[in-house]
Amino acid sequence: MIIVCETKATEAQISALQQVIREAGLQVHRSDGTEYTVLGVVGDRSRLDIDAFSLMPGVRNVVPVSTPYKLASREFHPENTVVPVGETTLVGGAEVVVMAGPCAVENAEQIEASAQFVAKSGARILRGGAFKPRSSPYSYQGLGVEGLKMLRHAADSYRLAVVTEVMTIEQIETVCEYADLLQVGARNMQNYPFLTALGRVKKPILLKRGMAATIQEWLMSAEYILTEGNHDVILCERGIRTFETATRNTLDLSAVPVIKHLSHLPIIVDPSHGVGDRRFVVPMARAAVAAGADGVLVEVHPDPDKALSDGPQSLTFEEFGTLMNRCRIIATTIGRSLARTN
Ligand code: PEP
Ligand code: MN
């Protein structure tokens with residue numbers, strides 16, 4: 001249920017409403033819009049006398065939320081949420097934000113060269129895995145904390161923010177020391193105790209869609225983070241499993257407008273894992289921007305054929321330059337922007 005407050009509701013009235021809700025044993029989340037404040041009420045509704053509550057000063061109306069996710073719903077927060085990442089980047093605003101870098105950090109030179117090139121091309125955020133969720137225990141697992149240090153150093157040298165995956169509750173504190181945006185991988189999207197722990201950190205979360213998750217399940221996972229008080233969640237479509245085998249996954253670009261309709265959270269698209277083949281990454285990145293995505297997450301490697309993970313889907317520097325130019329044209333055409341070479 002959400003409470004829409006009167007446009008002229010005073011701070012004292014809003015506080016009184018919040019207090020009554022809490023005294024009834026329910027949780028309340030406040031969202032201040034440009035026109036009015038909305039209170040999201042979570043818990044057993046029967047504990048509150050809704051008729052009496054509706055008459056309290058400051059209440060404009062009480063609306064039941066039809067979806068099982070509440071805080072992630074557009075009803076609770078009609079305006080788009082804009083998530084700050086690092087010192088200067090905003091995801092969910094007018095700018096289409098590009099996050100790029102190798103699948104995994106392999107050594108200092110590799111991540112340094114990647115950072116330099118992606119920054120020069122207009123990317124804002126450097127990606128690179130230090131803790132890798134590999135399908136095989138025999139595949140490259142990442143450099144761990146050493147990798148995080150290299151990633152941070154390379155990003156700082158080129159004024160980029162850092163996104164990297166965190167895989168366990170135990171890793172959260174360490175990853176927070178080095179990253180500006182914490183990535184939850186597709187395989188962890190339904191790890192609920194992990195999501196709850198991420199809801200308590202003070203860094204934004206990039207929540208990838210599980211490979212067999214419906215949009216509703218994905219938004220329910222976002223809800224786990226939001227309900228703990230971390231409101232900075234960015235969703236990432238990265239392809240789902242279907243009967244199709246020509247591509248690694250099936251990139252569900254319809255998720256972009258559907259999420260925009262259902263939720264206020266920003267959504268970005270990862271065409272690299274979506275298709276798994278570098279030849280198809282640029283067109284799908286363009287399509288993602290055209291569909292309204294707030295950003296793209298792309299794998300780029302100085303020498304993809306020698307990459308220790310996900311080489312076949314990693315772009316060369318040249319291909320990445322093409323991607324940026326093509327996506328910039330689309331962004332501008334739809335009234336958005338994409339950073340230029342700096
Ligand atoms: C990744 O971004 O490198 C990754 C492992 O992604 P996903 O969780 O989407 O498979
Ligand atoms: Mn990868």
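Below are the figures for this structure:
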item	result
Placed amide H near residue 90: partners under 5 Å, 5+ positions off or other chain	85
Cβ-defined net charge surrounding residue 299, 10 Å radius [Lys, Arg +1; Asp, Glu -1]	0
Kirkwood Rh and Cα Rg combined as Rg over Rh, evaluated for segment 2-63	0.92
Within segment 234-342: Cβ-based charge dipole about Cα centre, in debye rounded to nearest 20 (Lys, Arg +1; Asp, Glu -1)	340
³J(HN,Hα), Karplus 6.51/-1.76/1.60, whole Hz, each residue of segment 18-31, x for Gly, Pro	4, 5, 4, 5, 5, 5, 7, x, 9, 8, 10, 10, 9, 9
Whole-Hz couplings from phi, Karplus 6.51/-1.76/1.60, listed for segment 267-274; x for Gly and Pro	10, 10, 10, 10, x, 5, 6, x
Segment 117-185-segment 265-336 distance, computed between alpha-carbon centres (Å)	18
Dipole axis of the chain (+1 Lys, Arg; -1 Asp, Glu on Cβ), positive-most option in 144, 320, 13	320
Charge dipole (debye, nearest 20) of segment 187-257; +1 at Cβ of Lys and Arg, -1 at Cβ of Asp and Glu	300
Sites excluded, GluC sites (Glu not before Pro) in DSSP loops with at most 14 other C-beta within 10 Å, longest stretch of the chain	88-243
Cα convex hull volume per residue for segment 67-114 (Å³)	136
Accessible area in square angstrom per residue, the chain, 1.4 angstrom probe	43
Alpha-carbon Rg with Dmax, taken over segment 160-282, Å	14.2, 41
Derived scalar couplings ³J(HN,Hα) [segment 203-220; Karplus, 6.51 cos²θ - 1.76 cosθ + 1.60; whole Hz; x for Gly, Pro]	10, x, 10, 9, 9, 6, 6, x, 6, 10, 9, 6, 4, 5, 5, 5, 5, 5
Within the chain: Cβ-based charge dipole about Cα centre, in debye rounded to nearest 20 (Lys, Arg +1; Asp, Glu -1)	460
Share, in percent, of DSSP beta bridges within the chain that are antiparallel, nearest 5	40
Cross-link partners of residue 132 among lysines (Cα-Cα below 25 Å; sequence separation of 8 or more within a chain)	149, 202, 203, 208, 306
Amide H partners (placed H, <5 Å) of residue 104, local residues excluded	129, 309
Residues with amide H under 5 Å from that of residue 247, placed H, sequence gap 5 or more	none
Neighbour count of at most 11 Cβ within 10 Å plus DSSP loop: longest chymotrypsin sites (Phe, Trp or Tyr not before Pro)-free window in the chain	1-137
Alpha-carbon Debye profile of segment 71-144, log10 I(q)/I(0) at 0.21 Å⁻¹	-0.94
Estimated D of segment 121-180 in µm² per second, where Rh is the Kirkwood radius over Cα pairs and Stokes-Einstein applies at 10 °C, 1.306 mPa s	132
Along each principal axis, Cα extent of segment 83-333, largest first, Å	41, 39, 38
Local electrostatic count at residue 332 - Lys and Arg +1, Asp and Glu -1, tallied over other residues with Cβ under 12 Å	+3
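The values are calculated or read from the model by the stated rules, or taken from the named source; none is laboratory data. In this text, all values refer to a predicted model and were calculated from it rather than measured experimentally. Note that we place each Cβ from the backbone using ideal geometry, even for glycine, and neighbour counts take in every protein chain shown. Just so you know, the surface numbers come from the protein's heavy atoms only, side chains and all, with ligands and any DNA or RNA stripped out. Shrake-Rupley method; radii C 1.70, N 1.55, O 1.52, S 1.80 Å.
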